[in-house]
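Chemist: What follows is a single structure, and I will ask about it in a moment.
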Amino acid sequence: MISAYFIHLGIMFGMYALLTLSLNLTVGYTGLLNLGHIAFFGIGAYVTAILSPHMPLAISIPLAVILAAAAGTLLALPCGKLRGDYLALATLGFTFICGSIARNWISLTRGALGIAGIQRMGSNTMIVVSLLALVLVVYLILKWFVSTPTGRVLQAVRDDEVAAATLGKDVFKHKILCLAISAGIAGLAGAFYAHYITFIDPSVFSINELILLLSMLIVGGLASLEGSILGALILVLLPEPLRFIGFPSSLVGPMRAMIFALLLLLIVLYKPRGLLGKVDLE
Amino acid sequence: MMLQAKNMSKSFGGVHAVSNCSIKIPKGKITALIGPNGAGKTTLFNMISGTLPSDAGKVSFNGEDITTLKVHERARKGISRTFQMTRTFKNMTVRDNLKLAQETTDDKLKIALSKVRLQGFLDHIAGELSYGQGRLLELARSMLLPHTFLMLDEPTAGVNPQIRQEMKKILTDLRKEGKTVLFIEHDMDFVMSISDHVIVLNEGKLLMEGTPKQVRSNPKVLEAYLGK
């Protein structure tokens, strides 16, 4: 029983670590305030949930990653010229649109009823091991990627995209690449989620999940992959003691939100770069 | 001619920053773009490099029309530039700033830095440099970018007199290498001592162009700077 609980925590940590690592690529490394990230997670979850009854997971999960990456590319095309607040609003709108499609395209998604009985990926132990291995692989790949010339251009785009362009860098193309990679990883996390929980509904596009992700990113720090992992770990584990204190369940949710808010406040006041961040929140 | 800008115009609301202005930049020479504050020098500069879209006009580089090219495409043609307000990548190291201009070895980066007296700063974060050092880093970066035409917007602003002398040497060395330089400058001694060709703008229009001697003795130029 205890081991099942820790395995669940490990799976939650693995999924959020993947999401935060990929979000850091767009927000921390490229400076794109992308509030559409949770939509890619949802797209990955829905794609594999819809396709997996008709094909092996070895095909449906990669397809989920590809379609999430394609959605990232599609989002980047109209949003590539936007920055800051405008980009945030446009990408947030994308999240709402995806949620609305999931609720209203009933013949495909079963609307608000959601999709139940999704094929399990395997035992929970198998899921946690593969997910944690995946976190390590994604971490190592991203660590390498941000140190390549292409990764350097992404960071230059974050600091000053006009100056990057005057050095011959195609800013728009790099933004598309960044969003596609980031969305693909989020889609992968979504696919794992669908095959672990075995049920999804339009709440996967919820703004609460997005806020949680942003909190993990801010706590861990921008432009730090280690920070992303640490942020995910802290925010997955932090509210857990509340389960054992014996508060009524109606209080646990609000208290969890209060703890997150307090933590964010402390971070912004005393450690504005987050625990391991390398750039300022702007 | 290295570069020709024909009938360039740019307005901001009702203000005509540059109106119907045409200039020619000779190949392998150092050309200064001067004029009083608000003459439209930086606006024209930005339209040439593509960082500001023009309302009208045509820009040709080495005989090729580059008017519709984007900023990065113009840079790849060989146009390199610095900015009036320094634009380094502040969260990145000096090394990464330079490597964005050219992927090369640390030894070559150190040589580029030593030209602007920033040797030993390779591992520093660009945002932690002083204002003057930031300008020098930007200059080193623009020189490291493969180019044939270098545009410098007030290169001596905020740098000490010693570096100013060093900058003269850098620019004359570039001329010897056959590079073309266009720079905006307010320091007239610097302009007159180094330029082969001077272009004077006033109120967004071409006032005159010629050798430093011709410009210095032109009453219209004196009037533009000092008033009637």
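Chemist: Please list, ordered by residue number, the helices (runs of 4 or more DSSP H) wholly in region A:124-170 having 2 or more residues that are in contact (Cβ under 8 Å) with a residue 12 or more places away in the chain, farther than 23 Å from B:Leu137 by Cβ and more than 14 Å from chain B (Cβ to nearest Cβ). Even if it seems obvious, please write down each step before you answer.
Modeler: On the way: elements: A:124-147, A:149-159, A:161-166.
It comes to A:124-147.
Chemist: Can you tell me which of B:Ala140, B:Ala75 is crowded, with 22+ Cβ neighbours inside 10 Å and at the interface with chain A (Cβ under 9 Å from one of its Cβ atoms)? Spell out the reasoning first.
Modeler: Working: B:Ala140 fails: at the interface with chain A (Cβ under 9 Å from one of its Cβ atoms).
Step by step, each of B:Ala140, B:Ala75 is checked, and only B:Ala75 is crowded, with 22+ Cβ neighbours inside 10 Å and at the interface with chain A (Cβ under 9 Å from one of its Cβ atoms).
Chemist: Which is within 14 Å of another protein chain (Cβ to nearest Cβ), within 14 Å of the chain's Cα centre (by Cα), over 25 Å from B:Gly210 (Cα atoms) and not hydrophobic (A, V, I, L, M, F, W, C), of B:Thr82, B:Thr104, B:Thr86?
Modeler: Among B:Thr82, B:Thr104, B:Thr86, only B:Thr86 is within 14 Å of another protein chain (Cβ to nearest Cβ), within 14 Å of the chain's Cα centre (by Cα), over 25 Å from B:Gly210 (Cα atoms) and not hydrophobic (A, V, I, L, M, F, W, C).
Chemist: For region B:176-228, please list each of the strands (runs of 3 or more DSSP E) lying entirely inside it that holds at least 3 residues being touching a residue at least 24 places away in the same chain (Cβ under 8 Å) and within 15 Å of the chain's Cα centre (by Cα).
Modeler: Working: elements: B:180-184, B:197-202, B:205-210.
Because the criterion is at least 3 residues that are touching a residue at least 24 places away in the same chain (Cβ under 8 Å) and within 15 Å of the chain's Cα centre (by Cα), the strands (runs of 3 or more DSSP E) in region B:176-228 that meet it are B:180-184, B:197-202.
Chemist: Could I ask something else about it? Of the residues that make up region A:138-156, is at least one crowded, with 18+ Cβ neighbours inside 10 Å, touching a helix residue (DSSP H, G or I) at 6+ places or on another chain (Cβ under 9 Å) and of a type in the set (Ser, Thr, Tyr)?
Modeler: Looking for residues that are crowded, with 18+ Cβ neighbours inside 10 Å, touching a helix residue (DSSP H, G or I) at 6+ places or on another chain (Cβ under 9 Å) and of a type in the set (Ser, Thr, Tyr), one finds none in region A:138-156, hence no.
Chemist: Let me ask something additional. If B:Ser54 meets every condition in (1) in contact (Cβ under 8 Å) with a residue 12 or more places away in the chain; (2) away from chain A (no Cβ under 14 Å); (3) surrounded by fewer than 20 Cβ atoms within 10 Å (Cβ to Cβ) apart from one, which number is that one?
Modeler: (3)
Chemist: Here's a follow-up. Given the condition within 14 Å of another protein chain (Cβ to nearest Cβ), among the hydrophobic types (A, V, I, L, M, F, W, C), without any contact (Cβ under 8 Å) to a residue 60 or more places away in the chain and more than 25 Å from A:Leu154 (Cα to Cα), answer yes or no: does some residue in region B:59-67 qualify?
Modeler: Among the residues of region B:59-67, at least one is within 14 Å of another protein chain (Cβ to nearest Cβ), among the hydrophobic types (A, V, I, L, M, F, W, C), without any contact (Cβ under 8 Å) to a residue 60 or more places away in the chain and more than 25 Å from A:Leu154 (Cα to Cα), which makes the answer yes.
Chemist: Here's something else I'd like to know. Can you tell me which condition B:Ile48 does not meet? The list is (1) surrounded by fewer than 23 Cβ atoms within 10 Å (Cβ to Cβ); (2) within 13 Å of another protein chain (Cβ to nearest Cβ); (3) closer than 30 Å to B:Leu222 by Cβ, and all the others hold.
Modeler: Here B:Ile48 clears every test but (1).
Each row is one residue, and each column tells you yes or no for (1) surrounded by fewer than 24 Cβ atoms within 10 Å (Cβ to Cβ); (2) away from chain B (no Cβ under 14 Å); (3) touching a residue at least 40 places away in the same chain (Cβ under 8 Å).
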{"position": "A:Ser182", "(1), (2), (3)": "no, yes, yes"}
{"position": "A:Ile185", "(1), (2), (3)": "no, yes, yes"}
{"position": "A:Phe205", "(1), (2), (3)": "no, yes, yes"}
{"position": "A:Asn208", "(1), (2), (3)": "yes, yes, no"}
{"position": "A:Met216", "(1), (2), (3)": "no, yes, yes"}
{"position": "A:Ser224", "(1), (2), (3)": "yes, no, yes"}
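Chemist: With region A:1-110 as the region, which helices (runs of 4 or more DSSP H) entirely inside it contain at least 3 residues that are among the small types (Gly, Ala, Ser)?
Modeler: Because the criterion is at least 3 residues that are among the small types (Gly, Ala, Ser), the helices (runs of 4 or more DSSP H) in region A:1-110 that meet it are A:2-24, A:37-51, A:57-79, A:84-104.
Coordinate-derived values only; no laboratory data. On a predicted model such as this, the values are computed, not experimentally measured, just so you know. Every residue, glycine as well, gets a Cβ built from its backbone with ideal geometry; the counts of neighbours run over all protein chains shown.
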